[in-house]
Amino acid sequence: VQLQASGGGLVQAGGSLRLSCAASRSIFGINTMNWYRQAPGKQRELVASITSAGSTTYVDSVKGRFTISRDNAKRMVYLQMNSLKPEDTAVYYCNIQNWAGLDYWGQGTLVTVSS
């Protein structure tokens, strides 16, 4: 497994979760690290991105609530999710793009927010 995501679960609205994703050493030249999500019946959407320089971007619906971070030495990317809402319920996927333009995907971790 090249990307291993973890940290999903069931949480009440207003709660917090922290997702983690570990990249194997078989992935070379890690550039941008991303978190996507896909809710039932909806298209996959980009939630947050962090570049190799540490610049971050977020979809409007999570700004101020979610924080993406990375630890290059550990080859990890994280998504801290606070003030969770039922509409955040989805399968969350980590994604890595390397300098060669290749995309790598994790297996997904389910986040369920109850009202």
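Centre-to-centre, using Cα atoms only, the stretch 68-115 and the stretch 1-46 are separated by 2 Å.
Charging the Cβ of each Asp and Glu at -1 and of each Lys and Arg at +1, and nothing else, the dipole of the chain about its Cα centre rounds to 180 debye. Above 16 Å, the calculated P(r) of the chain contains 56 percent of its Cα-Cα pairs. Taken one residue at a time, the phi angles of the stretch 78-94 give Karplus couplings (6.51, -1.76, 1.60, θ = phi - 60°) of 10, 9, 8, 10, 10, 6, 5, 10, x, 6, 7, 4, 4, 8, 9, 10, 8 Hz. Gly and Pro are set to x. What a 1.4 Å probe finds exposed on the stretch 1-60 is 50% carbon and sulfur by accessible area, rounded to a whole percent. Taking all protein chains into account, the per residue accessible area for the chain stands at 52 Å² (1.4 Å probe). Across the stretch 53-70, rounded Karplus estimates of 3J(HN,Hα) from the backbone phi angles (6.51 cos²θ - 1.76 cosθ + 1.60, θ = phi - 60°) give 8, x, 6, 10, 9, 9, 5, 4, 5, 10, 4, x, 10, 10, 9, 9, 8, 9 Hz, Gly and Pro being marked x.
For the stretch 33-85, a/c is not less than 1.5, where a ≥ b ≥ c are the root eigenvalues of the C-alpha gyration tensor, and a/b tops b/c. That puts it in the prolate class. Extension gain for residue 105 to residue 51 (0.36 nm times residue separation, less C-alpha to C-alpha distance): 17.8 nm. Taken one residue at a time, the phi angles of the stretch 14-29 give Karplus couplings (6.51, -1.76, 1.60, θ = phi - 60°) of x, x, 10, 9, 10, 8, 10, 9, 10, 9, 6, 6, 6, 8, 9, x Hz. Gly and Pro are set to x. Among beta bridges from DSSP that stay inside the chain, the antiparallel ones total about 90%.
The values are calculated or read from the model by the stated rules, or taken from the named source; none is laboratory data. Not measured: the values here are computed from a predicted model. Note that each Cβ is placed from the backbone with ideal geometry, even for glycine, and that neighbours are counted across all protein chains shown. Areas reflect the complete protein model, heavy atoms only, side chains present, ligands, DNA and RNA absent. Shrake-Rupley method; radii C 1.70, N 1.55, O 1.52, S 1.80 Å.
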